[in-house]
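These notes concern the structure reproduced below.
Throughout, read-outs are computed from the coordinates displayed, never taken from laboratory work. Remember, it's a predicted structure, so these values are computed and weren't measured experimentally. Backbone-built Cβ (ideal geometry, glycine too); neighbour counts: all protein chains shown.
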Amino acid sequence: MKPETLAAQALHAIDAATGAIVPPIHLSTTFARDADYQPRGPTYARDESPAPVHAERVLAALEGGAAAMVFSSGMAAACAVFRAACRPGDHVIAPRVGYYALRGWLERFCARWGVGFDLVDTTDLAAVKAALRPGTTRLVWVETPANPTWELTDLSAVAALAHAAGARLAVDSTTATPVHTRPLEHGADLVMHSATKYLGGHSDVLAGALVTAKLDDTWAELAQLRHDEGACIGPMEAYLLLRGMRTLYARVERSSRTAFWLAERLAALPDITVRYPGLGSHPQHALAARQMQRGYGSMLSIQVGGAGPDAALGVIKRLRVWVPATSLGGVESLVEHRYSVEGANTPTPPDLLRLSVGLEHEDDLYEDLRLALAQR
Ligand SMILES: *Cc1c(COP(=O)(O)O)cnc(C)c1O
């Protein structure tokens, strides 16, 4: 069946006991054994609570993976991958441009555990190839499209390079979502999501997820790590996540259509640079057209000009519809000045505003921006 069908019905969820078409929320942390002291199903909630397990099955189906695991946040999921994959003396590659908090954590983790670490321009295949240390590099981590400039990494090409060097490829696919890109089909070994964003979709649940192509040793190690350390989600969070995933395709297709429309309109305004993979002006538009389906995502950035951050901050202060808040992927459109958030040694340009397009009417979103930009 098509992913829309699987998502809308949460894998044809019908409760066996009652016929309920909304999965029940089992708050119980423990589950009684049968008369022969055998487990009837789950035994304890840390790995086996029914709603989180249901959410994992849905996400694995949407990504076309062998299995999925949900975590207490996107960061918990991402950090688990590095900790499961790396021993002292190993080497990892991470993107120069990408989710800022992960880069900070990686620097501390690698320094403390003696793991070699290179920040690489993963849009440049020659640079990836040069950074790989065959036999020593365990993991290549990429994010595509990458925060906050939305540059793309060629997943098939990087997967081939990583595999030839004996490394695995893990992809932060938070902003692409399975609607636009299914990284496992392009050769990735692991997909990571901040489910806090599009999968949850309503800015009301913090969660992370991993999806694996194969049930291999790394996956077993990841399962052990989550079991031991307990970075899992509760039934309420899992319920919200399941509920969010039911409308994933409708939400993401709509917000991504609005993002495309806005990107074209904003690019026509004077003295604005728009960064969006759907525009012909995007340096990797051809790759985006090949690697992304059903649109180019709901994230875009604009550069409003000016030497420092002042013009961009002025625009934010004049907006009335766009909400000035961090995060992305919710039903409400958000604007963020990443430069202010990331601090002095960020690679993010000071005049850049990151836009997360939600489900409002496009005219309201455009008019708000047009007026705020006109007063620069
Ligand atoms: C938000 C985000 C994360 C971190 O996820 P949390 O759920 O906030 O821990 C990782 N990667 C990307 C691309 C994100 O947007």
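A simple spin-label model places the labels of T326 and E185 3.4 nm from each other, with each point 7 Å out along Cα-to-Cβ.
Where both bridge residues fall in segment 3-246, DSSP classifies roughly 45% of the beta bridges as antiparallel. Extending 7 Å from the Cα toward the beta-carbon at both A17 and F31 defines two label points whose distance is 1.2 nm. Across the chain, the convex hull enclosing all Cα atoms gives 141 Å³ per residue. Taking the number of Cβ atoms within 10 Å of each Cβ as an exposure proxy, the fewest-first ranking of S255, S298 is S255, S298.
A simple packing score, the average count of other Cβ atoms within 10 Å per residue, orders the peptides 96-105, 241-250, 182-191 as 182-191, 241-250, 96-105, with the highest score first.
Among 150-158, 30-38, 223-231, sorting by the average number of other beta carbon atoms lying within 10 angstrom of each residue, highest first, gives 150-158, 223-231, 30-38. Geometric descriptor of segment 248-374, per residue, is 106 Å³ (volume of the convex hull of the Cα atoms). Across the options Q375, G234, A84, the greatest Cα extent toward the positive end of the charge dipole of the chain (unit charges at beta carbon of Lys, Arg, Asp, Glu) belongs to Q375.
In the chain, helical runs assigned H by DSSP with n ≥ 4 each contribute -39500 (n - 2.57); averaged across all residues and rounded to the nearest 500, the mean residue ellipticity at 222 nm is -11500 deg cm²/dmol.
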